[in-house]
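The values are calculated or read from the model by the stated rules, or taken from the named source; none is laboratory data. Predicted, not measured: the structure shown is a model, and the values here were computed from it. Here the Cβ is made from the backbone with ideal geometry for all residues, glycine too, and neighbour counts use every protein chain on show. To get the accessible areas, we keep the full protein, side chains included, count just its heavy atoms, and leave off ligands, DNA and RNA. Shrake-Rupley method; radii C 1.70, N 1.55, O 1.52, S 1.80 Å.
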Amino acid sequence: MPHLNKLRTAVPGESGGDTAARSLTRLRTALTLFFALDGFLFAGWVVRIPAIKEQTGSSPSDLGLALLGVSAGAVLTMTLTGRLCRRFGTHPVTVAAGVLLSLSIALPPLTHSALALGLVLLVFGTAYGGINVAMNSAAVELVAALRRPVMPSFHAAFSLGGMLGAGLGGLVAGGLAPRTHLLGLTVTGLLVTAAAGSVLLRHPCPAPAEALPSDEPAPRRMDRRTRGLVTVFGVIALCTAYGEGAMADWSALHLEQDLDAHPGAAAAGYSLFALAMTAGRLSGTALLQRLGQTRTLVAGGLAAAAGMLLGALAPTVWLALLGFAVTGLGLANIFPVAVARAGALAGAGGVAAASTLGYGGMLLGPPAIGFLADWFSLPVALTTVAMLAAGAAMIGYAVRDASVGDASVGARQRGK
């Protein structure tokens with residue numbers, strides 16, 4: 001990492017300690033705003049998908065192909081953003097990606113064909129993948145400097161931003177055209193990026209203090225068996241992230257198309273899901289302390305499966321909304337648990353491998369749902385979310401003894 005992102009950390013009590021603490025506080029606030037903005041803008045886009053589908057005259061499979069543009073752009077960017085962060089620093093790359101994301105969200109309403117929509121979503125996906133890698137990397141640096149487990153608060157901010165973005169979208173869906181709504185999001189995004197980005201650019205993240213001695217067991221080396229187990233936990237993450245992506249892109253369309261919901265009520269589906277995810281993540285540490293990681297994973301997977309079956313097959317809007325909320329609660333902590341178990345097995349390499357598989361599920365799930373909806377129906381396609389969530393629960397139970405015990409793994413999770 002270049003020197004622009006490295007400063008000496010002042011020890012509390014020494015000259016400059018208060019200044020360093022204030023700088024870290026400002027950085028945490030600014031990064032929290034970027035996480036919230038990311039969720040807010042993404043949710044603002046997904047609740048207008050039904051209107052964009054009608055505007056472009058796309059079939060479900062055409063829409064699925066267009067949505068693949070988000071996936072393709074994000075995957076391409078994720079492979080390059082790490083290099084950009086190493087060269088220019090995580091803070092400038094986060095700000096640049098925030099500007100591009102804010103500008104690109106205004107593009108979908110300008111399209112009138114599935115092909116054009118796919119091309120502009122490629123730009124949107126590029127920005128989305130870039131800001132996720134850059135701001136998470138910046139957050140990792142800040143967590144190391146603070147030496148406090150504040151990472152869950154950033155992801156809770158993302159979920160909260162998604163809930164607010166979906167809620168606002170639901171309120172304006174019946175009265176504002178998609179072009180006006182998304183242009184308003186562009187202006188909002190640029191203003192937040194200017195405010196929070198100026199903090200990131202003025203306050204580079206300090207270098208972390210020396211690591212404290214740890215009594216946690218050392219992770220295994222990435223031998224063949226360990227690599228296989230890490231892949232298993234990555235598959236668990238993929239199964240649940242598939243559901244997150246499907247809910248983001250298809251829940252509103254399901255409610256509006258299959259259950260004749262008002263556009264505002266349709267947008268409430270993702271809003272409730274995001275609210276439940278936020279609540280689940282905010283209470284995740286207490287849940288892990290009480291149940292342990294294996295039981296949290298299994299219970300979450302089964303709850304998500306039941307909730308998604310209800311959401312996909314319910315005959316009324318209100319039952320479907322209830323199912324979406326249960327799905328959000330169930331999925332909330334499975335991804336972090338899977339990644340933590342991979343980290344217990346193989347350290348940072350395990351975390352990286354499992355996370356990559358997980359994000360793949362989030363990116364490839366929506367297009368898969370589109371193809372299945374065209375071949376069968378959207379409700380049937382959404383039941384695959386329940387199938388994969390149940391599969392994640394069964395796999396998690398099958399490998400419950402594959403890593404260090406729940407107590408030490410729980411300690412590792414609480415220290416994240």
Within the set of pairs 6+ apart or on separate chains, which have a first residue in region 49-64 that is touching a residue at least 12 places away in the same chain (Cβ under 8 Å) and in a loop (DSSP other than H, G, I, E, B), a second that is charged (D, E, K, R) and open to solvent by 30 Å² or more (accessible area, probe 1.4 Å), and C-beta atoms under 7 Å apart?
59/374
Pick from region 221-234, criterion surrounded by fewer than 18 Cβ atoms within 10 Å (Cβ to Cβ) and within 28 Å of the chain's Cα centre (by Cα), ranking: modelled with the lowest pLDDT
222
Looking at residue 153 and the list (1) under 23 Å from residue 70 (Cα atoms); (2) open to solvent by 20 Å² or more (accessible area, probe 1.4 Å); (3) of a type in the set (S, T, N, Q), which single condition is not satisfied?
(1)
Return the residues of region 79-99 that are surrounded by fewer than 20 Cβ atoms within 10 Å (Cβ to Cβ) and not basic (Lys, Arg); say none if nothing qualifies.
79, 80, 82, 84, 88, 96, 99
Please work out which one of (1) open to solvent by less than 40 Å² (accessible area, probe 1.4 Å); (2) modelled with pLDDT of 85 or more; (3) not acidic (Asp, Glu) is the condition residue 160 fails and give its number.
(1)
Pairing a residue in region 122-150 that is under 18 Å from residue 281 (Cβ atoms) and at pLDDT below 80 with any residue that is crowded, with 24+ Cβ neighbours inside 10 Å and small (Gly, Ala, Ser), where Cβ atoms lie under 9 Å and the two sit 6 or more apart in sequence or on different chains, gives 150/139
Among the candidates 63, 103, 67, residue that is open to solvent by 60 Å² or more (accessible area, probe 1.4 Å), hydrophobic (A, V, I, L, M, F, W, C) and out of contact with any Phe, Trp or Tyr (no Cβ under 7 Å at 6 or more places or on another chain)
103
Kindly check whether there is at least one residue in region 281-299 that is under 20 Å from residue 232 (Cβ atoms), small (Gly, Ala, Ser) and at pLDDT 90 or above.
yes
Can you confirm whether residue 191 is at pLDDT below 90, of a type in the set (A, V, I, L, M) and surrounded by fewer than 20 Cβ atoms within 10 Å (Cβ to Cβ)?
no
Which of (1) at pLDDT below 70; (2) over 26 Å from the mean Cα position of the chain (by Cα); (3) open to solvent by less than 80 Å² (accessible area, probe 1.4 Å) is the odd one out, the single condition residue 208 does not satisfy?
(2)
